[in-house]
Amino acid sequence: MKNAGRWLASALLASMALSAHGQYSAQFIESSKAWGSAVADFDGDGHDDFLISGHDTDDRIWYWTATGYVPGPQTLVWVDRHDCDAADFNRDGRMDLYCTVGADKGLGEGPNELWLQGSDGWLTQVPNHGAEDRYGSGRLPIVLDFNHDGWPDVFVTNERRDRPDGQPSINRLFLNQGGSHFVEATTIATGEFGWSCVAKGDIDGDGWDDLLVCDDQGPPHIYMNNRAGDFTLLDTPAAAVKWRLARLAGGHEPRRAARPGGGDGHQRPADLAQHRRRSLLRDGRLPEPLQLHGQGPDGGRLQP
């Protein structure tokens, strides 16, 4: 870590609407070494809850209540956890978690995690789920339905690493096999194509999930689902420059790596406010982004 002071990342502020006129109060949640977050209705009460993930020993879900957010009773076992995404992976009506894990800077192993929620609200870690990617330096996961079968799949971005054992640390797609396990599917998005942000959406309106990946070393990649087990790379002038952040029309809030200036992978409060709008909750619900745009190096908007 280049600057240990940047480990003191972030106090997450959960905004709560006070009236129909858009007045807000802010609730201090925690100060932590945050790397990412996942927002979902974990307890099925119609309001969004959230998990702050990072390099702390107390990663947990914070649950919405009418008087503020309260911490859940379960803390996830400590690993080098980075970001998480939520979905009902086994389609039992309860939200689950998939989390990426680092691999000791390319010197060890860091199998990604699958946590399934039981009827009692407790998360149970699933072994040998097929999407461990144990040699990848896991960064950002995003859930999508790649093959349009109704089961949540996972795309994972990994930081590039020249591992001494020669194992690749590359972006991968894992397909959900009926809620029991995952298998990897090789596509044109498999490889070293960036990890600084990832987003899904439906660019062409065909009802199938498309994908965008920001590359910290070059232009972004916009992948159109060809509905035949692969993507097609979209050729657009908007992809001629680097993007810091992007959203796809009809998609969800993009997932972005936390890199506050020094590139050390930890967020400051300002980064959470500016880049992780998933953490700003109104009436326990999240607004859905509707536009497709990107941000260039100067912060200007780029229209694909």
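The values are calculated or read from the model by the stated rules, or taken from the named source; none is laboratory data. Only a predicted model underlies this, so the values are computations on that prediction, with no experimental measurement involved. As a convention, Cβ positions derive from the backbone with ideal geometry for all residues, glycine included, and neighbour counts pool all protein chains shown. Note: accessible area is taken over every heavy atom of the protein model, side chains too, but ligands, DNA and RNA are not part of it. Shrake-Rupley method; radii C 1.70, N 1.55, O 1.52, S 1.80 Å.
Assorted remarks:
- Highest-first packing order for the peptide set 94-105, 59-70 is 94-105, 59-70, based on the mean count of other beta carbon atoms within 10 Å.
- Percentage relative contact order, region 124-186, counting C-alpha pairs under 8 Å, at least six apart: 33 percent
- Phi-based couplings in Hz for region 198-207 (Karplus 6.51, -1.76, 1.60; Gly and Pro marked x): 8, 8, 10, x, 10, 5, 9, x, 8, x
- Note on surface exposure: 156, 79 rank 79, 156 by accessible area, highest first, 1.4 Å probe.
- The label-point distance for residue 104 and residue 232, in a model that sets each label 7 Å from Cα toward Cβ, rounds to 4.5 nm.
- With θ taken as phi - 60° and the Karplus curve 6.51 cos²θ - 1.76 cosθ + 1.60 applied, the whole-hertz 3J(HN,Hα) list for region 215-229 is 9, 5, 10, x, x, x, 10, 10, 10, 8, 5, 8, 6, 9, x Hz, x standing for glycine and proline.
- A simple spin-label model places pseudo-atoms 7 Å from Cα toward Cβ; at residue 202 and residue 70 they are separated by 3.9 nm.
- Residue 181-residue 78 pseudo-label distance in nm [points 7 Å out on the Cα-to-Cβ vector]: 3.2 nm
- Relative to the Cα centre, the charge distribution of region 120-222, modelled as +1 at Lys and Arg Cβ and -1 at Asp and Glu Cβ, gives a dipole magnitude of about 420 debye.
- The distance from the alpha carbon centre of region 143-189 to that of region 195-240 is 15 Å, rounded to a whole number.
- Peptides 119-128, 168-177 ordered by average Cβ neighbours within 10 Å, highest first: 168-177, 119-128
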